[in-house]
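See below for the structure under consideration.
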Amino acid sequence: MTGPIEAQRVRPWATVLRVPTAEGTLFFKEATLSLAHESQLIEILARHRPELVTEVVVSDEEGRMLMRDAGPQLSSRDPDLRDWEEALPLYAELQIEAAADVDAFLRAGAFDRRSAVLPTQYRELIAERAPGQTEAEYEELLALEPEVDRVCAELAAGSVPDMINNDDFTDGSIHVTAGGYRFLDWGDACVSHPFMTLTVTQRVIEIRLRLAPGSAETARIRDAYLEPFTRFAPRAELEDVVEPARRMGQINRVALRAAHMDWEDDPEELAWSFRLLLDPEAWRSWIDEPEEPPRAGPVS
């Protein structure tokens, strides 16, 4: 080491320390037990495209990792549509190339949000009303069951199979390298329909780039992401399912929050996450409120 170890990020779900060495900066990461599978997921992904994921120097059975510096986060740069148009197809290719390893991902600890099991998980999530949820909201969630069943059945029967999904794929997860991009932070990853990635990603893009609903810029980015999947189905078929998949992907986020309520200071955070399932555009009014800062909900 060439200097003191410093805390880079301390959160309820993980701690990251900066470790300066003569061979360059390294980062030590230790996640909470429920996310300790991250290093195993990265190992599987690296068999396919090592240049696109975290470069792990060493890890242990508890999931602690020592990683090489992956470069600056995309979030540290001025928002640029071109970055997303370049990065998302690479991420899609990584998902597709690792599609044969679905069982390995599940054994390693990736959350199981496959299309066939998601309706059952949804029923478990709405078995009782969440703190801060109104009676009307709860009734809407109960009434949504048939749509969840229908959409998930269509996704399960479709041409695009379930794959690995980072599920928190933001500009904080994308690091800029001399040769392109690396994709980090796989602790939230699940096996799901791949288009559920857009649940969080599209929201983040629209927030950072200040895009209106249905903007041409959003369509361009979505098209860039969908292009690699045309090996499974024609573009028109992909476009038919991408929006329903994006909406249902919020169930993944609700499930993660419900299982980790100790991460939140606000006991009503789960209710906010459910609201994004009822209305995927609800975050727009939240971040425009002048007396209240953006909630965690708009992002994840």
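No value in this document is a laboratory result; all are computed from the given coordinates. Since the model is a prediction, treat every value here as computed from it, not as a measurement. All Cβ positions, glycine included, derive from the backbone under ideal geometry; neighbour counts span all protein chains shown.
Calculate the FRET efficiency for Glu243 and Thr177 from the Cβ-Cβ distance with a Förster distance of 35 Å, rounded to the nearest 0.05.
0.65
Can you compute 3J(HN,Hα) from phi for each residue in the range 3-18, using the Karplus curve 6.51 cos²θ - 1.76 cosθ + 1.60 with θ = phi - 60°, rounded to whole Hz and x for Gly and Pro?
The phi angles translate into x, x, 6, 10, 6, 8, 7, 10, 10, x, 9, 6, 10, 10, 10, 8 Hz.
Relative contact order for the chain: what is it in percent, counting Cα pairs under 8 Å that are at least 6 residues apart?
18
What spacing in nm lies between the two simple spin-label points modelled at Met1 and Ser215, each 7 Å away from Cα in the Cβ direction?
Roughly 4.3 nm, to one decimal.
Compute the distance in nm between two label points, each set 7 Å from the Cα along the Cα-to-Cβ direction, one at Arg18 and one at Ala116.
It is 4.7 nm.
Compare the Cα positions of Ala212, Leu270, Gly172 along the charge dipole of the chain (+1 at Cβ of Lys, Arg; -1 at Cβ of Asp, Glu; about the Cα centre) and return the one farthest towards the positive end.
Gly172
Arrange the following residues from fewest to most other Cβ atoms within 10 Å of their Cβ: Val176, Val191.
In order of increasing Cβ crowding within 10 Å: Val176, Val191.
Work out how much length Glu86 to Ser285 would gain on full extension: take 0.36 nm times their residue separation and subtract the Cα-Cα distance, in nm to one decimal.
That works out to 68.7 nm of additional length.
For Ala153 and Ala259 in one chain, what is 0.36 nm times their gap in residues minus the Cα-Cα distance, to one decimal in nm?
35.7 nm
What nm distance separates the two modelled labels at Val57 and Arg129, each placed 7 Å from Cα along Cα→Cβ?
My value for the distance between the label points is 5.3 nm.
Work out the length of the dipole vector of the chain about its Cα centre, built from +1 on the beta-carbon of each Lys and Arg and -1 on the beta-carbon of each Asp and Glu, and round it to the nearest 20 debye.
660
How would you rank 25-35, 70-80, highest first, on the average number of other Cβ atoms within 10 Å across their residues?
25-35, 70-80
I need the semi-axes of the equivalent ellipsoid of the range 73-287: take the C-alpha gyration tensor, multiply each eigenvalue by 5, square-root it, list largest first in whole angstrom.
The three semi-axes for the range 73-287 are 26, 21, 17 Å.
If amide hydrogens are placed 1.01 Å from N in the peptide plane, which non-local residues have theirs closer than 5 Å to the one on Thr54?
Result for Thr54 returns Phe183.
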